[in-house]
Amino acid sequence: MPRQVEEPFKINQKITAREVRLVGENIEQGIYTLEQARKFAQDQNLDLVEISPTATPPVCRVIDYSKFKYEQKKKTRELKAKQTKVVLKEIRFGPNTDDHDFDFKLKHAQEFLKEGAKIKAYVHFVGRSIVFKERGEILLLKFAQALEELAKVEQLPKLEGKRMFLYLAPKAAVVAKAAAKPAPAVADKDKAKAPKEKEAKPVSEAVPEPETAPTE
């Protein structure tokens, strides 16, 4: 036997209050007996819906209940569609990252921020390179400064073990622009021809840096 779904509102014969406060269109608002309220609904071929059961007396509205439920579901779907998923992208540096690699990763970070993603940038210290932690901090601060038009700093450079982390989040205007931008429609055959570097990167995918031996 299929499970019966309980309605979120009491309607018509399921309302048990002796009197109710009526609100809505084509109704003289006020307090009526339950029988009077039901008659108002029946005369208009509509439903009596208890929308505020905890009020004294309970508040009811004369509406088309099926249409009312449809509108509620539609609003819920619209709210879910507007909710943006927070994506975190990782960008890795070494303490001896050169200008070319820095600019390459900076460009990636700019693209990620414009898409509304957050950035976790870090410097990975290998072996004795940990002695250059000040160099790593300067590099991350330079990175944050280069992105100041697009991002705000959520956490300044902080050393955790052999890695120093910097967290950036897109500014509100950047997020709003990313949310308003429609996703491009791409045919399957066009997707196959698209260059790999333009494909969307998965959540928390790092942009790696070739290992470089520390300088003494």
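The values are calculated or read from the model by the stated rules, or taken from the named source; none is laboratory data. What you are looking at is a predicted structure, and each value in this text was computed from that prediction instead of being measured. Ideal geometry is used to build each Cβ from the backbone, glycine not excepted, and the neighbour counts take in all protein chains shown.
Of the residues making up segment 143-180, those that are touching a residue at least 40 places away in the same chain (Cβ under 8 Å) and assigned to a helix (DSSP H, G or I) are 143, 146, 174, 175, 177, 178, 179.
Residues are listed down the side, and each one gets a yes or a no for (1) surrounded by 15 or more Cβ atoms within 10 Å (Cβ to Cβ); (2) in contact with a Phe, Trp or Tyr (Cβ under 6 Å, 6 or more places away or on another chain); (3) of a type outside the set (Phe, Trp, Tyr); (4) not assigned by TED's automatic domain parsing to the domain that holds residue 173:
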position	(1), (2), (3), (4)
95	yes, yes, yes, no
105	yes, no, yes, no
110	yes, no, yes, no
113	yes, no, yes, no
118	yes, no, yes, no
129	yes, no, yes, no
138	no, no, yes, no
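The residues of segment 42-60 that are over 13 Å from residue 15 (Cα atoms) and buried (at least 18 other Cβ atoms within 10 Å of the Cβ) amount to a single one, 46. Quick check on residue 23: is it at pLDDT 90 or above and touching a strand residue (DSSP E or B) at 6+ places or on another chain (Cβ under 7 Å)? No; evaluated as a whole, the condition is false for this residue.
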